[in-house]
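**Q** Let me begin by handing over the structure; questions about it come next.
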Amino acid sequence: MRSAGLAGAGRGTTRRRVRSRRDWVTLSDSELLELRFCDLGLRLDEPRLVAAMKALHAELEARQVGFLPHFWLADEWFSPDGVPGIAIPFYLAHPRLAALERRQMHEVEGGNRRWLMRILRHEAGHAIDTAYGLRRRRDWREVFGKASQPYPTRYRPRPASHRFVLHLGLWYAQSHPTEDFAETFAVWLTPRSRWRRDYGGWPALKKLEFVDRTMRELRNRPARNAARSLVEPLEENVCTLREHYRRRLGRYPDSASRVYDRQLHRVFAQGSTEGGEPSAASYLRGARPRLRQALVKHAGIHPYLASHVLRTATERARVLKLKLKPTAMDQERAVLQMLERIILDTLLRDREDFAL
């Protein structure tokens, strides 16, 4: 669960209150960043979001879960302790804000339907845990550990571990027992999920069986906690977008691992792309579907690991400002070999490090 705070809010700056989307949609990024969240006048009526929220409720009802979480807009994704609901980040409520998010953070978390549904299922796991008080059960603690463990600012997953499901990126289930449960719940909830087959022989299968058994036991039961309050709603947030992004970028100073640098420098060149050569990052983004398919089908790499390495290599190539070598022969083959070496190194090292 990622919780959003209001550090830096309430500073004594006078700003014009914007009362409709039309007032800010045409502003430059610099002007938009000066606005406060409460000035945006956002509503949870973006058609793609509405469809996704309805789809999540339909999935829960199909599984006969007796509680449906509520939603509200906030500055980040989170499901708060004590309130069985889901906060959705502001940038998903309008394309102009999604564009700003991409330019600031270089990605839009939940920016396509598949990714959006994955996150919603994960946050639903937190909400169901809260609604039924699952973490207080002895059998929950025996399977996932103590929810009272301190929530870390960084975590070091073991990429080769089979004790955790693979759902969101960065081996997120390994960050904390509550995240382990939410990720396991999300895999269980996913329609047409073949989790018994996919996790056969993995210790993680016992966690999925626990979720399946527990949710069958709770079928159509009313929640113990059905609070509908809103935590840190956007309309009460007086932080500016600039302050928000400054804080987020400070929390994630460099999300890509530097262990990629040596391999990337072997395949790509350093310097400006003014000579006409495409940037390495744009090349990797364009070739990602082919590269991922080659890694999964021909090299036998797990899809989760292939996606992680491709995403991280692309981000690192962008940070390093790398470009294609003008004389490179068979660029795709060289890139595939590089990615395979990075994957092998990741598995042999079996240790990564990520900020929460």
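**Q** Test Glu59 against the criterion of being charged (D, E, K, R) and farther than 19 Å from Leu218 by Cβ, and give yes or no. Show your work before the answer.
**A** Working: charged (D, E, K, R): yes; farther than 19 Å from Leu218 by Cβ: no.
No: the conditions fail for Glu59.
**Q** Can you find a residue that is exposed (fewer than 11 other Cβ atoms within 10 Å of the Cβ), at pLDDT 90 or above and of a type in the set (Asp, Glu) anywhere in the stretch 234-256?
**A** Scanning the stretch 234-256, I find no residue that is exposed (fewer than 11 other Cβ atoms within 10 Å of the Cβ), at pLDDT 90 or above and of a type in the set (Asp, Glu), so the answer is no.
**Q** So, of the residues in the stretch 8-45 that are under 26 Å from the mean Cα position of the chain (by Cα), surrounded by fewer than 17 Cβ atoms within 10 Å (Cβ to Cβ) and within 18 Å of Ala74 (Cβ to Cβ), which turns out to be modelled with the lowest pLDDT?
**A** My answer is Gly8.
**Q** Among residues belonging to the stretch 257-306 that are crowded, with 17+ Cβ neighbours inside 10 Å, among the hydrophobic types (A, V, I, L, M, F, W, C) and assigned to a loop (DSSP other than H, G, I, E, B), point out the one that is modelled with the lowest pLDDT.
**A** Checked the stretch 257-306; the qualifying residue modelled with the lowest pLDDT is Ile301.
Per-residue answers, yes or no, for (1) surrounded by fewer than 23 Cβ atoms within 10 Å (Cβ to Cβ); (2) over 16 Å from Tyr304 (Cβ atoms):
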{"site": "Gly169", "(1), (2)": "yes, no"}
{"site": "Ala173", "(1), (2)": "no, no"}
{"site": "His176", "(1), (2)": "yes, yes"}
{"site": "Glu183", "(1), (2)": "no, no"}
{"site": "Val187", "(1), (2)": "no, no"}
{"site": "Arg192", "(1), (2)": "yes, yes"}
{"site": "Arg197", "(1), (2)": "yes, no"}
{"site": "Ala204", "(1), (2)": "yes, no"}
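**Q** Here is a follow-up. What are the residues in the stretch 38-50 that are touching a residue at least 12 places away in the same chain (Cβ under 8 Å) and outside any loop (DSSP other than H, G, I, E, B), if any?
**A** Answer for the stretch 38-50, where residues must be touching a residue at least 12 places away in the same chain (Cβ under 8 Å) and outside any loop (DSSP other than H, G, I, E, B): Cys38, Asp39, Arg48, Leu49.
**Q** Quick check, is Arg103 in contact with an Asp or Glu (Cβ under 7 Å, 6 or more places away or on another chain), closer than 23 Å to Cys38 by Cβ and touching a residue at least 12 places away in the same chain (Cβ under 8 Å)?
**A** Numbers: in contact with an Asp or Glu (Cβ under 7 Å, 6 or more places away or on another chain): yes; closer than 23 Å to Cys38 by Cβ: yes; touching a residue at least 12 places away in the same chain (Cβ under 8 Å): yes.
Answer is yes for this residue.
**Q** One residue is enough: does the stretch 149-156 have a residue meeting the conditions assigned by TED's automatic domain parsing to the domain that holds Gly66, at pLDDT 95 or above and either surrounded by fewer than 20 Cβ atoms within 10 Å (Cβ to Cβ) or among the charged types (D, E, K, R) (or both)?
**A** no
**Q** Would you check if there is a residue in the stretch 118-135 being polar (S, T, N, Q), surrounded by 20 or more Cβ atoms within 10 Å (Cβ to Cβ) and either touching a strand residue (DSSP E or B) at 6+ places or on another chain (Cβ under 8 Å) or in a strand (DSSP E or B) (or both)?
**A** Keep residues of the stretch 118-135 that are polar (S, T, N, Q), which gives 130.
Checking the rest, the ones that are also surrounded by 20 or more Cβ atoms within 10 Å (Cβ to Cβ) come to 130.
Filter once more, so that each one left must be either touching a strand residue (DSSP E or B) at 6+ places or on another chain (Cβ under 8 Å) or in a strand (DSSP E or B) (or both): none.
No: zero hits.
**Q** Does the stretch 72-81 hold any residues that are surrounded by fewer than 20 Cβ atoms within 10 Å (Cβ to Cβ) and either modelled with pLDDT of 95 or more or not assigned by TED's automatic domain parsing to the domain that holds Ala127 (or both), and which are they?
**A** Scanning the stretch 72-81 gives Trp72, Glu76.
**Q** Can you name the residue in the stretch 319-333 that is in a loop (DSSP other than H, G, I, E, B) and farther than 10 Å from Ser279 by Cα and, of all such residues, is modelled with the lowest pLDDT?
**A** Ala328
The values are calculated or read from the model by the stated rules, or taken from the named source; none is laboratory data. What you see is a predicted model, and the numbers here were worked out from it, not measured in a lab. We place every Cβ from the backbone using ideal geometry, glycine too, and count neighbours over all the protein chains shown.
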